[in-house]
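In what follows, a structure is listed as structure tokens, so that the remarks can point back to it.
The values are calculated or read from the model by the stated rules, or taken from the named source; none is laboratory data. These numbers were taken from a predicted model, which means no experiment stands behind them. As a convention, Cβ positions derive from the backbone with ideal geometry for all residues, glycine included, and neighbour counts pool all protein chains shown. Surface areas here come from the heavy atoms of the whole protein model, side chains and all, with no ligands, DNA or RNA. Shrake-Rupley method; radii C 1.70, N 1.55, O 1.52, S 1.80 Å.
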Amino acid sequence: MTFHSTNFPILETKNAADDVDPIIEVKTALDALTADVNKKTAGVDKITERLDGIEAKLARPNIQTKKDDEPSAETKAFADYLRMADRAPELKTLTVSSDPQGGYLAPAEMSAEFIRNLVEFSPIRAIASVRTTGNASVLYPKRNTVTNASWRGETQAQTASEPTFGQHEVVIREVNTYVDISNALLADSAGQAEAEVRLALAEDFGQKEGAAFVNGTGVLDPEGLMTNPDIGETVSGGASTLTADGLINAMYAIPAAYRNAGTWLMNGTSLAAVRKMKDSVTGAYIWQPALALGQPETLLGRPVVEAVDMDDVGAGNYPVLFGDFSGYRIVDRLALSILVNPYVQATNGITRIHATRRVGGGVIQPAKFRKIKVAAS
């Protein structure tokens, strides 16, 4: 019952149903919240259960019952990694020994030093007489004989004499070749490829020239010292070796004027044989070492030059030459000429390098030389 009056506050009364315990209200709210959370997390439990099943399956041994079911190499490697981590046998490592697996990252150093094989040649040019010309050959006039004077009495008539003359021709010969180099190599080598080709050509031409000056036939190449038929010979005195007596005989077989300017010419094997020769009386070596640095060693008082193109010591060979090498004339017509031609093979991306050398050589005074033949008599 409610009383209304302007002088008193309004008093309200509650029904029995409105008197609810607060604890019950809180419990009811919590139950509702729990039910809602359980409902929302039901899907997560299913996912967790599924992941547990997958993990258990992966942990089982991989037993194959049929060959057709064998997994790929990638699958096996991945399974091993999952089971053994860093102990897996298929685990790959970057190494220098394998180019695709890191080796390309460690390239070898390109050294600036260039390895070249030794090119040996006979140094005839260093001891011979060298001239130049602008023609295809050079003619040297020579006197073959002298006058024929005779002793006469006071009233005897004089007899006439007539010296004879001739000429000796040194013909210029040509040696040439060419080398093809790709334009890409020329560009990428920063000039080193062309420089090496030029050096190789110079060494090759020097070797060919030295060999011709010793053994040239005079047909396509210059005339060689050892092929000239007018040079006299001395036998060594041994059937298959050199002897000291043979060297002495050869040295004194030419006139003193030429002998005193003479030089020995032989190769390395002959030098070794000569250096072992001893005086039969004192036992001293006949080979004399140089008295000062830079001076040549001497044999019987005369210098020795090593020429790789001379014969080895052997029966019937001519391993040693002695003489005054001003009697051999070398005539240069054209020094080593190198022409770079980028046009003839341009469509193939190739540059051709031509090399030419024109030179002549010949024995103009055979009397200045003496060669030794290995023979007993």
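Taking the range 142-212, which GluC sites (Glu not before Pro) meet the DSSP loop condition and have no more than 13 other C-beta atoms within 10 Å? In loop regions of the range 142-212 (DSSP not H, G, I, E or B), the sparsely surrounded GluC sites (Glu not before Pro) are Glu154.
Heavy atoms of the protein chains alone define the surface here; on that basis the range 232-273 has 40 Å² accessible area per residue at 1.4 Å probe size. Computed packing ranks the peptides 118-127, 325-334 as 325-334, 118-127, most packed first, by mean other Cβ atoms within 10 Å. Accessible surface of the range 135-175, 1.4 Å probe: 48 percent of it comes from carbon and sulfur atoms.
Counting protein heavy atoms only, the range 237-373 has 52 percent of its accessible area on carbon and sulfur, 1.4 angstrom probe.
Surface exposure of the range 292-372, expressed per residue as accessible area with a 1.4 Å probe, stands at 43 Å². Cross-link check: pairs Lys46/Lys76; Lys142/Lys368; Lys276/Lys368; Lys142/Lys371; Lys276/Lys373; Lys276/Lys371 evaluated at a Cα-Cα cut-off of 25 Å; pairs beyond the cut-off: Lys46/Lys76; Lys276/Lys368. The value for the range 144-298 of Rg(Cα) / (2.2 N^0.38 Å) is 1.70.
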